[in-house]
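Following: one structure in structure tokens, then a few remarks.
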Amino acid sequence: MARAKLLLGNWKMNKTVSEAKEFALGSKEIAAFAKANNVLVGVAPTFLCLQTVKENVADNMIVAAQNCHFENSGAFTGEVSIPMLKEIGVNWVIIGHSERRTYDNETNEKCNKKMVKLIENDMVPVYCVGETLEEYVNGKTKDVVKQQVRIGLAGLSKEAVKKIVIAYEPVWAIGTGKSATQEIAQDVCAYVRSVVREMYGEAAEETLVLYGGSVKPENIKAYLSSPDIDGALVGGASLKLDSYQAMLENLVK
Ligand code: 13P
């Protein structure tokens with residue numbers, strides 16, 4: 001079975017509610033084009049903007065949170081739980097983004113707790129993995145990614161593995177304009193899938209694996225033509241409707 005193609009924008013800490021609403025209202029054409037071309041599209045706004053975006057996008061535009069807590073409620077100041085997201089119809093959550101790993105102590109073990117809870121709640125985790133520049137330079141990419149996948153995906157069922165998304169985002173390529181070459185991206189995404197295969201067998205063939213890191217309209221097609229890259233997780237180039245649309249159009253060309 002051919003895997004779906006997915007373009008997911010990670011807005012990070014960008015856009016006020018009114019800016020997010022403007023994007024949402026303007027994204028109807030993008031959503032229709034994506035539907036007609038069998039591409040999954042989505043955006044991940046800040047918590048504050050989730051509900052507004054959800055209420056103003058087309059039904060097929062995925063709205064993802066950028067994080068969640070693994071407990072349902074409690075004394076966790078500043079956190080947002082899975083039931084809170086579910087209630088407003090948000091069923092996708094990015095976990096383990098490198099910025100959260102760097103600044104917010106998001107460990108592989110913590111990601112695994114979130115992963116398990118998200119699956120229990122029928123949500124789609126988008127699990128980010130990737131090495132730092134230092135690890136890359138020292139030839140540690142595959143060791144790092146293997147550890148991230150093995151711990152992050154521990155204890156799942158094969159059925160769950162078919163529904164999750166893994167995004168390979170080399171930290172040195174994020175927001176730097178220095179995107180990984182197509183060869184590197186394909187090689188590591190194939191490796192990610194092979195680690196999933198070691199853990200869960202053939203279910204790995206259905207896991208969506210994305211590349212992220214300085215993806216833009218000019219380079220998206222090359223990544224998406226690679227056999228193990230099923231889509232892109234995009235920061236900067238997903239913030240404006242015209243570049244989002246250009247990525248989508250180039251992706252299906
Ligand atoms: P950029 O596309 O801005 O490099 O960000 C990538 C990213 O971190 C997406 O999650």
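The 3J(HN,Hα) values that the Karplus relation (6.51, -1.76, 1.60; θ = phi - 60°) gives for segment 62-69 are, in residue order, 5, 10, 10, 7, 8, 5, 7, 9 Hz. Gly and Pro appear as x.
Take PHE47: with every protein chain present and a 1.4 Å probe, its accessible area is about 80 Å².
A Förster radius of 35 Å combined with the Cβ-Cβ distance from LYS140 to GLU120 puts the calculated FRET efficiency at roughly 0.60.
Heavy-atom accessible area with a 1.4 Å probe sorts LYS54, LYS35, largest first, into LYS35, LYS54. Remark: relative contact order (the chain) = 19 percent; criterion is Cα-Cα distance under 8 angstrom and separation of 6 or more residues. Put a dot 7 Å past the Cα of LYS253, heading toward its Cβ, do the same for LYS158, and the two dots end up 4.1 nm apart. Computed over the chain with a Gaussian network model linking Cα atoms closer than 10 Å, the most mobile of SER157, SER214, SER27 is SER157. Give me the net charge of ASP143's neighbourhood, meaning all other residues with Cβ under 13 Å from the Cβ of ASP143; Lys, Arg count +1, Asp, Glu -1. Neighbour charge sum, excluding ASP143 itself: +1. Using a cutoff of 8 angstrom between alpha carbon atoms and counting only pairs six or more residues apart, the relative contact order for segment 105-238 works out to 24 percent. In plain terms, the chain from ALA36 to GLU22 could stretch by 2.7 nm, reckoned as 0.36 nm per residue minus the Cα-Cα distance.
Computed from backbone phi with θ = phi - 60° and the Karplus coefficients 6.51, -1.76 and 1.60, the 3J(HN,Hα) list for segment 124-136 is 9, x, 10, 8, 8, 9, x, 9, 7, 4, 4, 5, 4 Hz; x is used for glycine and proline. Simple point charges give the picture: +1 on the Cβ of Lys and Arg, -1 on the Cβ of Asp and Glu, and for the chain a dipole about the Cα centre of about 140 debye. Of the Cα atoms belonging to the chain, the radius of gyration and Dmax stand at 16.8, 49 Å.
Annotation: amide H-H contacts under 5 Å for VAL124 (H modelled 1.01 Å from N, sequence separation of 5 or more, or interchain): TRP92, VAL93.
Extension gain, ASN72 to LEU241, is 57.4 nm, computed as 0.36 nm per intervening residue step minus the present C-alpha separation.
In order along segment 83-98, the Karplus-derived 3J(HN,Hα) couplings, from 6.51 cos²θ - 1.76 cosθ + 1.60 at θ = phi - 60°, round to x, 5, 5, 4, 4, 9, x, 8, 10, 10, 9, 7, 10, x, 4, 4 Hz, and Gly and Pro are given as x.
For segment 194-227 versus segment 118-166, the inter-centroid distance based on Cα atoms is 12 Å. VAL80 exposes around 30 Å² of accessible area when a 1.4 Å probe is run over every protein chain in place. Between ILE151 and TYR103, the simple label model (points 7 Å from Cα in the Cβ direction) yields a spacing of 2.2 nm. The residues neighbouring ASP122, those whose beta-carbon lies less than 10 Å from its own, together hold a net charge of +1 under the Lys/Arg +1, Asp/Glu -1 convention. Of ASP59, ASP122, ASP143, ASP228, the residue with the largest accessible area leads and the full order is ASP59, ASP122, ASP143, ASP228 (1.4 Å probe).
Working note: Cα atoms of segment 96-147, range along each principal axis, descending, whole Å: 39, 21, 15.
Taking all protein chains together and rolling a 1.4 Å probe, THR102 ends up with roughly 100 Å² accessible.
The values are calculated or read from the model by the stated rules, or taken from the named source; none is laboratory data. Here the structure is a predicted model, which means the values were calculated and not measured. Cβ: placed from backbone, ideal geometry, glycine included. Neighbour counts: every protein chain shown. Calculation scope for accessible area: heavy atoms of the full protein, side chains included, ligands and nucleic acids excluded. Shrake-Rupley method; radii C 1.70, N 1.55, O 1.52, S 1.80 Å.
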